[in-house]
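The values are calculated or read from the model by the stated rules, or taken from the named source; none is laboratory data. Quick caveat, the model's predicted, so the values are computed rather than measured. Neighbour counts are summed over all protein chains in view; Cβ atoms, including those assigned to glycine, are modelled from backbone coordinates with ideal geometry.
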Amino acid sequence: MNGPSLHRASTFPNAWRIAQDVKAGRTTARSVVSDALQRIAFDNPSLNAFTAVFADQAIADAEALDAALAAGRLVGPLAGVPFAVKNLFDVAGHATLAGSKIRQDAAPASQDADLVTRLKAAGAILVGALNMDEFAYGFVTENAHYGATRNPHDLDRIAGGSSGGSAAAVAAGIVPFSLGSDTNGSVRVPAALCGVYGLKPSWGRLSLAGVFPFVNSLDHAGLFARNLEDLANVYDAVSRESDGHPIAGRLEELASRKMRVGMLKGWFTQGAAPEVLEALAPLADALNADLDVELEGAETARSAAFCLSAYEGARLHLDDLRRRAEAFDPAVRDRLLAGALLPDDIAAQANAYRRVFRIAANRLFDRYDVLIAPTTPCVAPRIGESTMVVDGESVSVRKNLGAYTQPLSFIGLPVLAAPLNRPGRLPIGIQIIGNEGCENIVFALAAKLEQLSLVKAYPPQ
Amino acid sequence: MSRLGQKSFLQIDEADLFMYAEGRAAEIDLIIAAPFQPGVLENLTALQAHALRVSAALQDLDAPAVEARLP
């Protein structure tokens, strides 16, 4: 497109390398953070990924870290690495917008969200807050109040959502990693469309303290990064795991494990664009994956997640829906109002189905260590495109980009979204799915795929 | 609401869904302004279809067998 453009980089800075350089005195945290702030100033007018930039605080934090190093004090593993968060994470002193206009007048957060605190304790420097679908209810990040976030690989296309700003900021090379949230696919969908790695660990694995909720029983915190090593390092820094087995240092060993791999068919390929299916084919061959694998009940699980999201989301916002419905993003408002009208037994049956679907997944994990599936049915749609064609039928983009992600978060499985290695073309992602609590397995398969050069993130061309 | 009688949400015909929405909104003290009604109705129709799928799947199950498999 003509007009907006991005700063072009031939390589991505690696978070781990940045931290090593800062700790060794080859650069300073202040210099690294200043570079990130410059990239925001240059790129954000084109991308619209950031809704707030904490420049003064970031510089102050970087200088404090440099001073600590100069004084010989120990600093954390992410020393001087800039990061940003979806604007539903509390940041002390700032109102937590959650993508809404309604919350512009909310009281400033009194403290940082738990994950922000952990990252700062690890030495990372918070530089800004990122755009999202209002109240995390959508897959597009075309926000009526704060505008659409643009895809760094094609500025005419959406970044995906609801953590669209988080994915775009990482894909554009502005920050090496970011935080997002995933209720129905809101980390995995934008990771796939923007061509970066995204991790939605098992439900409950990452703290949600200080994160504005959407659907309590489905909400997960998640991470974005441009390579697996960074994703693992950030995961190790924020995870609740206390088993003494961090993942980052073990990627090579994990990749050498023998794994039984199943590629999901049925619901997880239904309606997929031919380009998506063709892109996945080499993976199945390389992994010797079983192709005849069906996760029974996936379509129904997605329906149950749909009902539960509308029901629980509406109850969270019922007071505002009664008092000022016109202040919501119209696309979100209509969905929440409809959800408010659902009777309680609809949520009860959705929860009942969760137990049934969990059993079906358990049966598959008796046979396979890890499953793979496409993340989205298509590449990033164009901004403003409200419908897409699935199986010859025109369906809503906003509601259907997460068709393959919703069933998996419904039962809280850990999923790592990885970008297929296709330089120069619009990104397509895969989901690497493990059994509950098996984050090490999804990292293991991702590491194997990275070794085989089948997954890789590229800077925008 | 009279035409709806004792029908549950899942039993309401598409033609009567707006009547259900009005009645239910009044029950929970919610006003759905006229400009929002088409969008709300479209979403409610979709939710009913999703809920029907879940309901049908649960009815098809052999409940004791499912319970027996639970950990």
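Observations
- Against the list (1) outside any loop (DSSP other than H, G, I, E, B); (2) buried (at least 24 other Cβ atoms within 10 Å of the Cβ), the condition residue A:394 fails is (2).
- Within segment A:410-459, if we keep just the residues that are assigned to a helix (DSSP H, G or I) and aliphatic (A, V, I, L, M), the residue that is surrounded by the fewest Cβ atoms within 10 Å (Cβ to Cβ) turns out to be A:441.
- Identity of the residue in segment A:326-367, charged (D, E, K, R) and farther than 21 Å from residue B:28 by Cα, that ends up nearest to the other protein chains (Cβ to nearest Cβ): A:355
- Strands (runs of 3 or more DSSP E) wholly inside segment A:196-278 that include at least 2 residues being of a type in the set (A, V, I, L, M): A:220-225, A:261-264
- Filter result for residue A:99 (surrounded by fewer than 20 Cβ atoms within 10 Å (Cβ to Cβ), assigned to a loop (DSSP other than H, G, I, E, B) and either at positive phi or in contact with a strand residue (DSSP E or B) (Cβ under 7 Å, 6 or more places away or on another chain) (or both)): no
- Total residues in segment B:1-51, condition in contact with a helix residue (DSSP H, G or I) (Cβ under 7 Å, 6 or more places away or on another chain) and of a type in the set (Gly, Ala, Ser): 4
- Selection from segment B:14-45 of residues that are loosely packed, with under 13 Cβ neighbours inside 10 Å and within 7 Å of chain A (Cβ to nearest Cβ): B:29, B:33
- Residue in segment A:42-52 that is within 19 Å of the chain's Cα centre (by Cα) and either in a loop (DSSP other than H, G, I, E, B) or more than 22 Å from residue A:150 (Cα to Cα) (or both) present: yes
- All positions within segment B:26-64 that are at pLDDT below 95 and either β-branched (Val, Ile, Thr) or touching a Gly at 6+ places or on another chain (Cβ under 6 Å) (or both): B:31, B:32
- Any chance residue A:303 is under 27 Å from residue A:364 (Cα atoms), away from chain B (no Cβ under 14 Å) and of a type in the set (S, T, N, Q): no
- Sole residue being of a type in the set (A, V, I, L, M, F, W, C) and within 11 Å of chain B (Cβ to nearest Cβ), chosen from A:295, A:287, A:291, A:318: A:318
- Filtering segment A:309-353 to residues that are farther than 19 Å from residue A:213 by Cα, surrounded by fewer than 23 Cβ atoms within 10 Å (Cβ to Cβ) and in contact (Cβ under 8 Å) with a residue 40 or more places away in the chain leaves A:324, A:330, A:349.
- Of residues in segment A:34-54 being touching a residue at least 40 places away in the same chain (Cβ under 8 Å) and of a type in the set (S, T, N, Q), the one nearest to residue A:95 (Cα to Cα): A:51
- Which listed residue is basic (Lys, Arg), out of contact with any Lys or Arg (no Cβ under 6 Å at 6 or more places or on another chain) and surrounded by 18 or more Cβ atoms within 10 Å (Cβ to Cβ), from A:17, A:30, A:73: A:30
- Residue list for segment B:2-24, filter: of a type in the set (A, V, I, L, M, F, W, C) and part of a helix (DSSP H, G or I): B:9, B:10, B:15, B:17, B:18, B:19, B:21
- Matching entry among A:273, A:289 (being of a type in the set (A, V, I, L, M, F, W, C) and either touching a Phe, Trp or Tyr at 6+ places or on another chain (Cβ under 8 Å) or modelled with pLDDT under 95 (or both)): A:273
- All positions within segment A:366-378 that are over 24 Å from residue A:419 (Cα atoms) and either without any contact (Cβ under 8 Å) to a residue 12 or more places away in the chain or surrounded by 17 or more Cβ atoms within 10 Å (Cβ to Cβ) (or both): A:366
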